[in-house]
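The values are calculated or read from the model by the stated rules, or taken from the named source; none is laboratory data. No experiment lies behind these values; they were computed from the predicted model shown. Cβ atoms come from the backbone with ideal geometry, glycine included; neighbour counts cover every protein chain shown. Accessible surface areas use protein heavy atoms only, side chains included; no ligands, DNA or RNA. Shrake-Rupley method; radii C 1.70, N 1.55, O 1.52, S 1.80 Å.
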Amino acid sequence: MKTIKTIDSAQYVYAFTPEMAPVSHIAPGEMVRFDALDALGGQVRAETDILAGLDFDRVNPATGPITIDGAKPGDTLSVTLHSIEMDEQGAIVTGPGMGVLGDEMTSYATRMLPIRNAAVEFGGLKLPVRPMVGVIGVATETGRYATGTAHRHGGNMDTKEIGVGSTVYLPVSQDGAQLAMGDVHAVMGDGEVCVSACEVAARIVVETAVLKATRLAWPMVETSERIHVLVSLPTIEEALIEATRCAVSLLQRAHGLSKEDAYMLASLAVDIGVSQLVDPNKTAKASIPKYALPGPLTDWLSGQDWRGDG
Ligand code: CA
């Protein structure tokens, strides 16, 4: 069996910027494995390791970046997730000021979460695993975004649909794209309400492709049944509205509809939802069923500028 190129977990970044120094490179179509620390930087090993005691300079490492040969500004990078192999123990943390109800929490808490037989064990409960990649992104067009913050380049989108079998589409802004990823969750609910999920170290095998001259306004993730547009902005209200605008614009252009018809089709078929409510930018998702689209995504998406008014 051919050896897969591996990016070691010691090779990571804490920010997506316009000028990222690659640690390796791959050709489109070549499989590559990212070995990723957990989002807490491996600092939580016991329930006495609480959030207040963590070194926040070591939180949210993203393994990479790597150059994708031939990717140029104005292209779209597609990243298909083939497998996510997780460690056998994860952790979840919360505390005062953390997450949606942080003002109501009075003490810090950490729970170690065994991952066995495809389930995350929480107390006596067994939660089916649904591994996902929390942070995935490329070099930015302008500006520095800490790996804990999501925006147009991707980043900490914490979207549970970014799992095995899905394909993430990222707007390329710099030569070689500079792909980095990490922050695997064994399971997470929409919202990620307490500020963390089942944070776990993992090995992620992906395959990339480059859609030439295809400009996206925001990242997207494709699953077997749906396309999700992922918008990350300072408030969830802004993100929900922008995700709606993107879905309407995408339906309008993909089908050649009037704006009003696209708006009505979106109202009939598109689910507007929340990925996460707890990171510095909040992430909303517009989830479009494939039956409401004109055919295979790469057929109608490729070679177009989708930024429009989005
Ligand atoms: Ca995260």
* Asked: Between Thr214 and residues 5 or more places away or on another chain, which pairs have amide H atoms under 5 Å apart, with H built 1.01 Å from N, and which residues are they?
  -> Asp75, Thr76, Gly303
* Structure fact -> Taking the alpha-carbon centre of each part, the distance from segment 273-297 to segment 43-65 in Å is 29
* Cys198 accessible area, nearest 10 Å², 1.4 Å probe? -> 0
* **Fraction of accessible area attributable to carbon and sulfur, the chain (%, probe 1.4 Å)** => 52
* Asked: Å³ per residue of the Cα convex hull, for segment 1-72?
  -> 108
* Return the long-range amide H neighbours of Val120 (sequence gap of 5 or more, or a different chain), with a cut-off of under 5 Å between placed amide H atoms. => Leu127, Val129
* Structure fact -> Measure of exposure for Ser258: accessible area at 1.4 Å probe, Å² rounded to 10, is 50
* Residues Thr235 and Tyr108, FRET efficiency given R0 of 25 Å [Cβ-Cβ distance, rounded to 0.05] -> 0.40
* **Protein-only accessible surface order, largest first, of Met20, Met98 at 1.4 Å** => Met98, Met20
* Rg and Dmax of the chain, using alpha carbons, in Å: what are they? -> 18.8, 58
* Structure fact -> The ³J(HN,Hα) series, computed from each phi in segment 163-173 with the Karplus coefficients 6.51, -1.76 and 1.60 at θ = phi - 60°, rounded to the nearest Hz and given as x for glycine or proline, is x, 4, x, 8, 10, 9, 10, 10, x, 7, 10
* Counting other Cβ atoms within 10 Å of each Cβ, which GluC sites (Glu not before Pro) in segment 218-310 have at most 13 and sit in a DSSP loop? -> Glu225
* To do: Determine the principal axes of the Cα atoms in segment 150-258, then give the extent along each, sorted from largest to smallest and rounded to whole angstroms.
  => 45, 33, 27
* **Probe 1.4 Å, all protein chains present, accessible-area order of Ile204, Ile92, largest first** => Ile92, Ile204
* To do: Measure nothing fancy, just the Cα-based angle from helix 236-255's long axis to the longest principal axis of the chain, in degrees from 0 to 90, nearest 10.
  => 30
* Asked: Just from its helices, what would the mean residue ellipticity at 222 nm be for the chain, if runs of 4 or more DSSP H residues each count -39500 (n - 2.57) and the sum is divided by every residue, rounded to the nearest 500 deg cm²/dmol?
  -> -3500 deg cm²/dmol
* Asked: What whole-number value in Å² describes the accessible area per residue of the chain for a 1.4 Å probe?
  -> 43
* How big is segment 220-309 in terms of Cα radius of gyration and Dmax, in angstroms? -> 12.7, 37
* Can you tell me the order of 290-298, 101-109 when each peptide is scored by its average per-residue count of other Cβ atoms within 10 angstrom, highest first? => 290-298, 101-109
